[in-house]
Amino acid sequence: MIDRYGVENYSEILNKLTPEQAEILHNKDKLLKLIHSLNGVITAQRLSNITGIKRGTICEALDRYKLWEYIVIDKNSSSYEDEIEILIGPCERNNRSILNGKEIDLWFPDKRIGIEFCGSYWHSEQYKNNKYHQDKFKLAASKNVKLITIFEYEWKDVEKREKILNFLRSLIYPQNSRVLGARECSVSLVDKNESREFQSKYHLMGVGVSNIDIGLRKDGELLGVMTFSKPRFAKNVEWEMVRMVWKAGVIVNGGAEKMFKYFIDNIKPTSVVTYADLSKFSGEVYKRLNFKLVGITDPEYVWYNPSLNQVLNRYKTQKKDLVASGMGTEQESEAEIMQKHGWVCIYDCGNAKFIWEV
(Lines give C-alpha, C1' and ligand atoms only; values in the text may rest on other atoms or scores of the structure.)
Protein backbone atom coordinates (compact mmCIF):
# COMPACT_ATOMS: atom_id res chain seq x y z
CA MET A 1 0.00 0.00 0.00
CA ILE A 2 2.83 2.40 0.85
CA ASP A 3 4.70 1.63 -2.39
CA ARG A 4 1.62 1.97 -4.54
CA TYR A 5 -0.46 4.68 -2.84
CA GLY A 6 1.83 6.29 -0.25
CA VAL A 7 -0.43 5.31 2.63
CA GLU A 8 -0.62 2.33 4.97
CA ASN A 9 -4.36 1.65 4.92
CA TYR A 10 -6.95 1.84 2.15
CA SER A 11 -9.14 4.01 4.35
CA GLU A 12 -6.45 6.71 4.21
CA ILE A 13 -6.88 6.85 0.44
CA LEU A 14 -10.60 7.39 0.84
CA ASN A 15 -10.01 10.16 3.33
CA LYS A 16 -7.96 12.03 0.74
CA LEU A 17 -10.71 11.82 -1.88
CA THR A 18 -13.30 14.49 -2.59
CA PRO A 19 -16.95 13.36 -2.31
CA GLU A 20 -17.17 13.35 -6.12
CA GLN A 21 -14.08 11.15 -6.44
CA ALA A 22 -15.35 8.76 -3.77
CA GLU A 23 -18.70 8.44 -5.53
CA ILE A 24 -16.99 7.53 -8.82
CA LEU A 25 -14.90 4.87 -7.08
CA HIS A 26 -17.75 3.32 -5.11
CA ASN A 27 -20.62 3.61 -7.56
CA LYS A 28 -20.31 1.30 -10.55
CA ASP A 29 -22.96 3.17 -12.54
CA LYS A 30 -21.17 6.50 -12.01
CA LEU A 31 -17.86 5.06 -13.16
CA LEU A 32 -19.47 3.39 -16.19
CA LYS A 33 -21.30 6.62 -17.06
CA LEU A 34 -17.98 8.47 -17.01
CA ILE A 35 -16.42 5.87 -19.31
CA HIS A 36 -19.32 6.04 -21.77
CA SER A 37 -19.15 9.83 -21.85
CA LEU A 38 -15.64 9.75 -23.31
CA ASN A 39 -14.65 9.43 -26.95
CA GLY A 40 -11.51 7.89 -28.41
CA VAL A 41 -9.13 5.54 -26.64
CA ILE A 42 -9.99 5.12 -22.95
CA THR A 43 -7.22 4.02 -20.60
CA ALA A 44 -6.91 3.80 -16.83
CA GLN A 45 -4.35 6.60 -16.99
CA ARG A 46 -6.77 8.81 -18.91
CA LEU A 47 -9.46 8.22 -16.26
CA SER A 48 -6.88 9.06 -13.63
CA ASN A 49 -6.00 12.32 -15.38
CA ILE A 50 -9.66 13.32 -15.70
CA THR A 51 -10.73 12.48 -12.15
CA GLY A 52 -7.55 13.28 -10.27
CA ILE A 53 -7.67 9.81 -8.71
CA LYS A 54 -4.47 7.78 -8.69
CA ARG A 55 -4.20 5.28 -11.54
CA GLY A 56 -3.77 2.34 -9.15
CA THR A 57 -6.97 3.27 -7.34
CA ILE A 58 -8.81 3.54 -10.66
CA CYS A 59 -7.51 0.09 -11.63
CA GLU A 60 -8.75 -1.36 -8.33
CA ALA A 61 -12.26 -0.02 -9.05
CA LEU A 62 -12.21 -1.30 -12.63
CA ASP A 63 -11.21 -4.70 -11.30
CA ARG A 64 -13.86 -4.71 -8.57
CA TYR A 65 -16.66 -3.87 -11.00
CA LYS A 66 -15.33 -6.03 -13.87
CA LEU A 67 -15.12 -3.08 -16.27
CA TRP A 68 -11.84 -3.87 -17.98
CA GLU A 69 -13.66 -4.71 -21.23
CA TYR A 70 -14.30 -0.97 -21.67
CA ILE A 71 -10.66 0.01 -21.19
CA VAL A 72 -7.60 -0.16 -23.43
CA ILE A 73 -5.00 -1.30 -20.91
CA ASP A 74 -2.33 -3.41 -22.56
CA LYS A 75 0.32 -1.36 -24.33
CA ASN A 76 1.68 -4.54 -25.91
CA SER A 77 -1.76 -5.33 -27.33
CA SER A 78 -1.97 -1.80 -28.72
CA SER A 79 1.41 -2.20 -30.44
CA TYR A 80 0.26 -5.52 -31.92
CA GLU A 81 -2.86 -3.81 -33.21
CA ASP A 82 -0.64 -1.14 -34.79
CA GLU A 83 1.33 -3.93 -36.43
CA ILE A 84 -1.81 -5.58 -37.81
CA GLU A 85 -3.02 -2.29 -39.27
CA ILE A 86 0.35 -1.68 -40.93
CA LEU A 87 0.39 -5.19 -42.41
CA ILE A 88 -3.30 -5.38 -43.43
CA GLY A 89 -4.24 -1.81 -44.24
CA PRO A 90 -6.06 1.25 -42.88
CA CYS A 91 -9.05 0.76 -40.62
CA GLU A 92 -11.00 2.40 -37.83
CA ARG A 93 -9.58 1.82 -34.34
CA ASN A 94 -11.30 1.17 -31.02
CA ASN A 95 -14.88 1.37 -32.31
CA ARG A 96 -17.54 1.25 -29.57
CA SER A 97 -20.61 2.19 -31.60
CA ILE A 98 -21.34 -1.24 -33.12
CA LEU A 99 -21.38 -3.73 -30.22
CA ASN A 100 -23.39 -1.90 -27.57
CA GLY A 101 -20.37 -0.13 -26.11
CA LYS A 102 -17.99 -3.09 -26.33
CA GLU A 103 -14.82 -2.34 -28.24
CA ILE A 104 -13.82 -3.58 -31.68
CA ASP A 105 -10.05 -3.09 -31.82
CA LEU A 106 -9.79 -2.83 -35.61
CA TRP A 107 -12.91 -2.18 -37.68
CA PHE A 108 -13.29 -2.44 -41.47
CA PRO A 109 -16.74 -0.88 -42.00
CA ASP A 110 -17.06 -1.56 -45.73
CA LYS A 111 -16.62 -5.28 -45.10
CA ARG A 112 -18.32 -5.30 -41.66
CA ILE A 113 -15.26 -7.16 -40.41
CA GLY A 114 -13.82 -6.53 -36.96
CA ILE A 115 -10.64 -7.78 -35.35
CA GLU A 116 -10.41 -8.42 -31.62
CA PHE A 117 -6.83 -8.70 -30.38
CA CYS A 118 -6.52 -10.47 -27.03
CA GLY A 119 -3.45 -9.86 -24.90
CA SER A 120 -2.62 -13.09 -23.10
CA TYR A 121 -2.64 -11.72 -19.56
CA TRP A 122 -5.57 -9.32 -19.70
CA HIS A 123 -7.74 -11.81 -21.60
CA SER A 124 -7.05 -14.68 -19.19
CA GLU A 125 -9.74 -15.94 -16.81
CA GLN A 126 -8.42 -13.53 -14.18
CA TYR A 127 -10.11 -10.75 -16.14
CA LYS A 128 -12.41 -12.47 -18.66
CA ASN A 129 -14.87 -15.26 -17.82
CA ASN A 130 -14.87 -18.49 -19.83
CA LYS A 131 -17.68 -17.30 -22.13
CA TYR A 132 -16.41 -13.75 -22.71
CA HIS A 133 -14.90 -14.30 -26.17
CA GLN A 134 -17.74 -16.57 -27.30
CA ASP A 135 -20.38 -14.11 -26.11
CA LYS A 136 -18.64 -11.26 -27.94
CA PHE A 137 -18.59 -13.36 -31.13
CA LYS A 138 -22.34 -14.02 -30.75
CA LEU A 139 -23.06 -10.34 -30.15
CA ALA A 140 -21.08 -9.42 -33.26
CA ALA A 141 -22.90 -12.05 -35.32
CA SER A 142 -26.25 -10.63 -34.16
CA LYS A 143 -25.11 -7.26 -35.56
CA ASN A 144 -24.07 -8.82 -38.88
CA VAL A 145 -20.40 -8.32 -37.99
CA LYS A 146 -17.76 -10.93 -38.75
CA LEU A 147 -15.50 -10.75 -35.69
CA ILE A 148 -12.04 -12.29 -36.00
CA THR A 149 -10.44 -13.01 -32.62
CA ILE A 150 -6.65 -13.16 -32.53
CA PHE A 151 -4.87 -14.25 -29.37
CA GLU A 152 -1.46 -12.86 -28.50
CA TYR A 153 0.05 -16.35 -28.17
CA GLU A 154 -1.05 -17.07 -31.76
CA TRP A 155 0.41 -13.82 -33.06
CA LYS A 156 3.77 -14.50 -31.41
CA ASP A 157 3.99 -17.83 -33.28
CA VAL A 158 5.77 -16.74 -36.48
CA GLU A 159 4.29 -19.46 -38.69
CA LYS A 160 0.75 -18.99 -37.40
CA ARG A 161 1.02 -15.21 -37.70
CA GLU A 162 1.82 -15.56 -41.41
CA LYS A 163 -1.18 -17.85 -41.85
CA ILE A 164 -3.42 -15.39 -40.02
CA LEU A 165 -2.17 -12.54 -42.21
CA ASN A 166 -2.89 -14.54 -45.38
CA PHE A 167 -6.36 -15.35 -44.05
CA LEU A 168 -7.12 -11.71 -43.21
CA ARG A 169 -5.86 -10.45 -46.57
CA SER A 170 -8.02 -12.90 -48.51
CA LEU A 171 -11.02 -12.01 -46.33
CA ILE A 172 -10.67 -8.23 -46.46
CA TYR A 173 -9.19 -7.87 -49.96
CA PRO A 174 -10.54 -10.82 -52.00
CA GLN A 175 -9.98 -8.79 -55.16
CA ASN A 176 -6.25 -9.30 -54.69
CA SER A 177 -6.55 -13.10 -54.80
CA ARG A 178 -6.30 -15.31 -57.86
CA VAL A 179 -9.90 -16.38 -58.55
CA LEU A 180 -10.73 -19.63 -60.34
CA GLY A 181 -13.85 -21.65 -60.97
CA ALA A 182 -14.21 -25.25 -59.81
CA ARG A 183 -14.92 -26.28 -63.42
CA GLU A 184 -11.34 -25.37 -64.30
CA CYS A 185 -10.05 -27.80 -61.66
CA SER A 186 -9.81 -31.56 -61.22
CA VAL A 187 -10.43 -33.47 -58.00
CA SER A 188 -8.84 -36.71 -56.79
CA LEU A 189 -7.30 -38.43 -53.79
CA VAL A 190 -4.07 -36.84 -52.56
CA ASP A 191 -0.92 -38.55 -51.36
CA LYS A 192 -0.82 -38.43 -47.56
CA ASN A 193 2.59 -36.75 -47.42
CA GLU A 194 1.60 -34.09 -49.94
CA SER A 195 -1.61 -33.45 -48.01
CA ARG A 196 0.21 -33.12 -44.69
CA GLU A 197 2.74 -30.71 -46.18
CA PHE A 198 -0.08 -28.60 -47.64
CA GLN A 199 -1.99 -28.52 -44.33
CA SER A 200 1.14 -27.66 -42.39
CA LYS A 201 1.83 -24.74 -44.69
CA TYR A 202 -1.65 -23.25 -44.98
CA HIS A 203 -4.07 -24.46 -42.27
CA LEU A 204 -4.25 -22.34 -39.11
CA MET A 205 -4.27 -25.47 -36.94
CA GLY A 206 -1.69 -27.37 -38.94
CA VAL A 207 -1.98 -31.06 -39.77
CA GLY A 208 -4.98 -33.15 -38.75
CA VAL A 209 -5.17 -36.94 -38.50
CA SER A 210 -7.11 -38.36 -41.45
CA ASN A 211 -8.06 -41.52 -43.33
CA ILE A 212 -9.09 -39.90 -46.61
CA ASP A 213 -7.41 -36.88 -48.25
CA ILE A 214 -8.99 -35.21 -51.28
CA GLY A 215 -7.32 -32.51 -53.35
CA LEU A 216 -8.32 -29.93 -55.94
CA ARG A 217 -5.83 -29.13 -58.71
CA LYS A 218 -5.42 -26.78 -61.65
CA ASP A 219 -2.80 -27.89 -64.18
CA GLY A 220 -1.20 -30.09 -61.54
CA GLU A 221 -1.00 -27.31 -58.93
CA LEU A 222 -2.60 -28.30 -55.60
CA LEU A 223 -5.02 -25.53 -54.61
CA GLY A 224 -7.17 -27.09 -51.91
CA VAL A 225 -7.37 -30.11 -49.61
CA MET A 226 -10.29 -31.67 -47.73
CA THR A 227 -9.65 -34.52 -45.27
CA PHE A 228 -11.84 -37.00 -43.42
CA SER A 229 -11.46 -39.45 -40.56
CA LYS A 230 -13.56 -41.50 -38.19
CA PRO A 231 -15.11 -39.05 -35.68
CA ARG A 232 -13.08 -38.07 -32.64
CA PHE A 233 -16.01 -37.05 -30.47
CA ALA A 234 -19.38 -37.59 -32.21
CA LYS A 235 -19.59 -41.39 -32.05
CA ASN A 236 -23.10 -41.51 -33.52
CA VAL A 237 -21.82 -40.03 -36.81
CA GLU A 238 -20.04 -42.04 -39.52
CA TRP A 239 -17.37 -39.57 -40.68
CA GLU A 240 -15.74 -36.29 -39.63
CA MET A 241 -14.44 -33.64 -41.99
CA VAL A 242 -11.19 -32.79 -40.24
CA ARG A 243 -9.61 -30.18 -42.49
CA MET A 244 -10.59 -27.94 -45.37
CA VAL A 245 -7.71 -25.72 -46.44
CA TRP A 246 -6.80 -23.53 -49.40
CA LYS A 247 -3.58 -22.28 -50.86
CA ALA A 248 -2.84 -18.70 -49.78
CA GLY A 249 -3.89 -16.07 -52.30
CA VAL A 250 -6.25 -18.37 -54.21
CA ILE A 251 -10.07 -18.47 -54.25
CA VAL A 252 -11.80 -21.34 -56.04
CA ASN A 253 -15.49 -20.64 -56.48
CA GLY A 254 -17.34 -23.92 -55.97
CA GLY A 255 -14.17 -25.70 -54.91
CA ALA A 256 -15.52 -26.88 -51.54
CA GLU A 257 -18.66 -28.21 -53.20
CA LYS A 258 -16.60 -30.13 -55.78
CA MET A 259 -14.36 -31.82 -53.21
CA PHE A 260 -17.26 -32.72 -50.91
CA LYS A 261 -19.27 -34.15 -53.84
CA TYR A 262 -16.28 -36.35 -54.70
CA PHE A 263 -16.30 -37.66 -51.14
CA ILE A 264 -20.06 -38.35 -51.22
CA ASP A 265 -19.97 -40.02 -54.65
CA ASN A 266 -17.02 -42.29 -53.84
CA ILE A 267 -17.38 -43.03 -50.11
CA LYS A 268 -21.18 -42.82 -49.90
CA PRO A 269 -21.36 -41.66 -46.27
CA THR A 270 -24.59 -41.57 -44.30
CA SER A 271 -23.49 -38.75 -41.98
CA VAL A 272 -20.57 -36.33 -41.56
CA VAL A 273 -19.72 -34.00 -38.69
CA THR A 274 -17.40 -31.00 -38.78
CA TYR A 275 -16.49 -28.02 -36.62
CA ALA A 276 -15.79 -24.34 -37.28
CA ASP A 277 -13.43 -22.46 -34.94
CA LEU A 278 -15.52 -19.40 -34.10
CA SER A 279 -12.49 -17.27 -33.31
CA LYS A 280 -11.82 -17.16 -37.07
CA PHE A 281 -14.75 -18.70 -38.96
CA SER A 282 -18.55 -18.69 -38.93
CA GLY A 283 -19.03 -21.96 -40.83
CA GLU A 284 -20.99 -20.43 -43.71
CA VAL A 285 -19.21 -22.71 -46.17
CA TYR A 286 -20.67 -25.78 -44.44
CA LYS A 287 -24.18 -24.44 -44.89
CA ARG A 288 -23.48 -24.29 -48.63
CA LEU A 289 -22.56 -27.97 -48.43
CA ASN A 290 -25.95 -28.70 -46.79
CA PHE A 291 -24.59 -29.22 -43.29
CA LYS A 292 -26.90 -28.15 -40.48
CA LEU A 293 -25.74 -26.21 -37.44
CA VAL A 294 -26.54 -28.39 -34.43
CA GLY A 295 -24.88 -26.42 -31.64
CA ILE A 296 -21.93 -24.49 -30.28
CA THR A 297 -19.39 -26.19 -28.05
CA ASP A 298 -18.10 -24.76 -24.80
CA PRO A 299 -14.94 -22.68 -25.25
CA GLU A 300 -11.62 -24.54 -25.25
CA TYR A 301 -8.71 -23.25 -23.22
CA VAL A 302 -4.94 -22.99 -23.08
CA TRP A 303 -2.66 -22.26 -20.12
CA TYR A 304 -0.41 -19.20 -20.28
CA ASN A 305 2.54 -18.41 -18.01
CA PRO A 306 3.25 -14.64 -17.96
CA SER A 307 6.71 -15.11 -16.43
CA LEU A 308 7.81 -17.76 -18.92
CA ASN A 309 5.76 -16.31 -21.80
CA GLN A 310 4.80 -19.89 -22.61
CA VAL A 311 1.52 -21.49 -23.74
CA LEU A 312 0.32 -25.09 -23.23
CA ASN A 313 -2.90 -26.59 -24.58
CA ARG A 314 -5.11 -28.61 -22.26
CA TYR A 315 -3.96 -31.95 -23.69
CA LYS A 316 -0.50 -31.26 -22.28
CA THR A 317 -1.77 -30.37 -18.82
CA GLN A 318 -3.98 -33.31 -17.91
CA LYS A 319 -4.03 -33.91 -14.18
CA LYS A 320 -2.51 -37.41 -14.38
CA ASP A 321 0.48 -36.04 -16.28
CA LEU A 322 0.91 -33.11 -13.90
CA VAL A 323 0.85 -35.45 -10.88
CA ALA A 324 3.25 -37.87 -12.56
CA SER A 325 5.69 -35.01 -13.20
CA GLY A 326 5.60 -34.02 -9.53
CA MET A 327 3.87 -30.69 -10.09
CA GLY A 328 0.89 -31.56 -7.89
CA THR A 329 -1.01 -34.17 -5.90
CA GLU A 330 -4.06 -36.34 -6.49
CA GLN A 331 -6.01 -34.11 -4.12
CA GLU A 332 -5.53 -31.09 -6.37
CA SER A 333 -7.38 -30.29 -9.59
CA GLU A 334 -5.67 -29.44 -12.86
CA ALA A 335 -6.56 -25.78 -12.32
CA GLU A 336 -5.20 -25.73 -8.76
CA ILE A 337 -1.92 -27.28 -9.86
CA MET A 338 -1.42 -24.95 -12.81
CA GLN A 339 -2.42 -21.82 -10.92
CA LYS A 340 -0.04 -22.45 -8.03
CA HIS A 341 2.79 -22.64 -10.60
CA GLY A 342 1.86 -19.24 -12.05
CA TRP A 343 -0.23 -20.27 -15.06
CA VAL A 344 -3.45 -18.52 -16.09
CA CYS A 345 -6.25 -19.93 -18.24
CA ILE A 346 -7.31 -18.34 -21.56
CA TYR A 347 -10.58 -19.40 -23.20
CA ASP A 348 -11.32 -19.17 -26.92
CA CYS A 349 -14.67 -18.72 -28.70
CA GLY A 350 -15.59 -22.39 -28.93
CA ASN A 351 -16.63 -24.23 -32.10
CA ALA A 352 -19.79 -24.37 -34.16
CA LYS A 353 -20.78 -28.00 -34.74
CA PHE A 354 -22.29 -29.00 -38.10
CA ILE A 355 -23.74 -32.32 -39.28
CA TRP A 356 -24.54 -33.52 -42.81
CA GLU A 357 -26.91 -36.46 -43.25
CA VAL A 358 -28.29 -38.35 -46.23
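Decide, for the stretch 194-295, between rounded, prolate and oblate: order the square roots of the alpha carbon gyration tensor eigenvalues as a ≥ b ≥ c, take rounded if a/c falls under 1.5, and otherwise choose prolate if a/b is larger than b/c, else oblate. It comes out rounded by the Cα gyration axes. Look at where the Cα atoms of the stretch 220-270 and of the stretch 277-310 average out, and the two centres are 18 Å apart. Within the set Lys111/Lys353; Lys33/Lys128; Lys192/Lys340; Lys102/Lys316; Lys160/Lys316, which residue pairs have Cα atoms separated by over 31 Å? Listed pairs above 31 Å: Lys192/Lys340; Lys102/Lys316.
Principal axis extents of the C-alpha atoms in the stretch 47-136 (largest first, rounded to whole Å): 39, 30, 24. In the context of the full set of protein chains, residues of the chain present 51 Å² of accessible surface per residue (probe radius 1.4 Å, heavy atoms only).
Dividing the summed helix terms, -39500 (n - 2.57) for each DSSP H run of n ≥ 4, by the number of residues in the chain produces a 222 nm estimate of -10000 deg cm²/dmol to the nearest 500. Run through the stretch 191-297 and list the trypsin sites (Lys or Arg not before Pro) located in a DSSP loop whose Cβ has at most 11 other Cβ atoms within 10 Å. When the trypsin sites (Lys or Arg not before Pro) of the stretch 191-297 are filtered for loop state and at most 11 Cβ neighbours within 10 Å, Lys235 remain. Apolar share of the accessible surface for the chain: 49 percent from carbon plus sulfur atoms, 1.4 Å probe. Ranked from largest, the principal axis spans of the Cα set of the chain equal 78, 53, 34 Å. Using a simple spin-label model with pseudo-atoms 7 Å out from Cα toward Cβ, Asn176 and Gln310 lie 3.7 nm apart.
Taking a ≥ b ≥ c as the square roots of the Cα gyration tensor eigenvalues, the stretch 113-167 comes out oblate, since a/c reaches at least 1.5 and a/b does not exceed b/c.
The values are calculated or read from the model by the stated rules, or taken from the named source; none is laboratory data. Worth saying up front: this structure is predicted, and the values here are computed from it rather than measured. With ideal geometry, Cβ positions are generated from the backbone for all residues, glycine too; neighbour counts draw on all protein chains shown. Just so you know, the surface numbers come from the protein's heavy atoms only, side chains and all, with ligands and any DNA or RNA stripped out. Shrake-Rupley method; radii C 1.70, N 1.55, O 1.52, S 1.80 Å.
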